[in-house]
Amino acid sequence: MSTDWDVVVVGAGIAGLTAARACAERDLRVVAHDALAPGGQLINLGALADWPGEATTGPDLMGALLTDVVDRGVEIAYGEVTGLRTDPLTVEGAEGPVTARAVVVATGRRPGRLDVPGAEAWEGRGLSHCATCDGPLHAGREVVVVGDDEWTAREALELAGIAKRVTLVSAAPAWPASLRRRLGEAVDRRTATVAALEGEGTLGAVRLADGEVLDASGIFVYTHADPRAELLDGLPGDAPVFPAGDVTGADRTLLTAAADGLRAGLAVVTHLEEA
């Protein structure tokens with residue numbers, strides 16, 4: 001049976017485009033969909049100190065990766081993918097359904113959220129999820145960062161170069177020793193949870209569960225950043241659909257996402273060669 005594409009990749013961040021590249025290298029017909037524009041988390045990152053090779057920025061790395069995959073024949077499509085169905089494998093979206101021999105789902109994670117009543121009302125009034133995007137709004141002021149993983153700590157370090165004071169609030173921090181050393185005196189740390197957000201119109205303070213009140217014009221939230229896995233729900237176990245990157249629940253690091261994208265792309269190649 002003929003199909004529109006050999007491989008459809010849903011999500012054109014670093015995991016999705018790495019998977020697309022691996023497939024295109026085997027002369028497969030590949031299209032990568034993204035709801036807005038390629039890049040994922042990369043387009044919001046500044047200097048990538050831990051990326052191998054010469055120092056670069058998130059947008060520079062994404063630009064190089066995008067140029068590479070397009071040069072290899074990958075087509076980039078824009079618009080949200082709304083569903084997957086099997087028999088035949090079909091990708092549904094605003095521009096109509098297309099069929100594929102295999103699909104890579106690299107849809108990433110949702111923005112973080114706080115388990116605090118009314119927290120969503122502070123979006124755009126001091127609550128944020130991106131240090132590079134919104135950090136400059138708090139230059140010379142005090143901010144709070146909430147989260148436990150390595151990504152959270154790196155965002156705190158980004159903010160430390162902008163804000164007057166950064167307090168990193170973590171209930172159960174899981175940072176490697178090298179990253180703890182880098183945090184050093186750059187940020188204040190609290191082993192706690194957030195109980196409330198306070199302010200008049202815009203954020204003015206963050207109250208912790210132990211009663212401490214931190215002055216803050218901004219809070220950057222990375223807890224409960226759940227995978228965007230809806231497309232995977234209800235699919236049969238033998239469907240040729242391959243999750244990649246953050247949607248799998250893997251650690252949120254660029255190297256992990258790239259490695260997992262490569263793993264998924266090679267798994268697609270093996271599946272199609274054996275089909």
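The values are calculated or read from the model by the stated rules, or taken from the named source; none is laboratory data. For clarity, every value in this text was computed on a predicted model and none was experimentally measured. Note: ideal-geometry Cβ built from the backbone for every residue, glycine included; neighbour counts use all protein chains shown. With ligands, DNA and RNA removed, areas are computed over all heavy atoms of the protein, side chains included. Shrake-Rupley method; radii C 1.70, N 1.55, O 1.52, S 1.80 Å.
Below are the figures for this structure:
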item	result
Cα-based helix-to-principal-axis angle, 150-160 vs the chain, degrees rounded to 10	50
Gained length - ASP50 relative to HIS224, 0.36 nm times residue gap less alpha-carbon distance	60.2 nm
Heavy-atom surface of the stretch 24-149, accessible at 1.4 Å and reported per residue (Å²)	51
Ratio Rg/Rh [Cα only; Rh per Kirkwood] for the stretch 39-149	1.05
Values of log10 I(q)/I(0), in the order q = 0.14 Å⁻¹, for the chain under a Debye, Cα-only, solvent-free model	-0.96
Over 20 Å [Cα-Cα, the stretch 208-269], rounded percent	48
Inter-probe distance in nm under a simple model that places probes 7 Å from Cα toward Cβ, at GLU120 and THR99	4.0
The stretch 168-184 - phi-based ³J(HN,Hα) in whole Hz, Karplus 6.51/-1.76/1.60, Gly and Pro as x	9, 9, 9, 7, 8, x, 10, 10, x, 4, 4, 6, 4, 5, 5, 4, x
Evaluated over the stretch 1-64, the Cα radius of gyration and Dmax, each in Å	13.7, 47
Carbon/sulfur fraction of accessible area - the stretch 59-148, other protein chains in place, 1.4 Å, %	50
Gap separating the Cα centres of the stretch 220-275 and the stretch 79-94, nearest whole Å	17
Tilt relative to the chain, helix 254-274 - C-alpha long axis, 0 to 90 degrees, to 10	20
Free-standing Cys residues across the chain, given no other cysteine C-beta under 4.7 angstrom	CYS23
Spatial separation of Cα centroids for the stretch 99-174 and the stretch 17-71, in angstrom	22
DSSP-defined antiparallel bridges as percent of all bridges, the chain, nearest 5	30
Solvent-accessible surface ranking, highest first, for TYR222, TYR78 at 1.4 angstrom	TYR78, TYR222
Value at 222 nm in deg cm²/dmol, rounded to 500, when DSSP H runs of n ≥ 4 in the chain each add -39,500 (n - 2.57)	-7500 deg cm²/dmol
C-alpha long axis of helix 58-71 to longest principal axis of the chain, angle in °	0
Rough spin-label spacing in nm, given labels placed 7 Å along Cα→Cβ, for THR253 and ARG180	1.6
Nearest-0.05 FRET efficiency for ARG110 and THR57, computed from C-beta distance (R0 30 Å)	0.80
DSSP beta bridges in the stretch 1-143 [antiparallel fraction, %, rounded to 5]	35
Choice from ALA102, ALA22, ALA174 with maximal GNM fluctuation in the chain (Cα, 10 Å cutoff)	ALA174
At R0 = 22 Å, FRET efficiency that the Cβ-Cβ distance of GLU92 and CYS130 yields, to 0.05	0.15
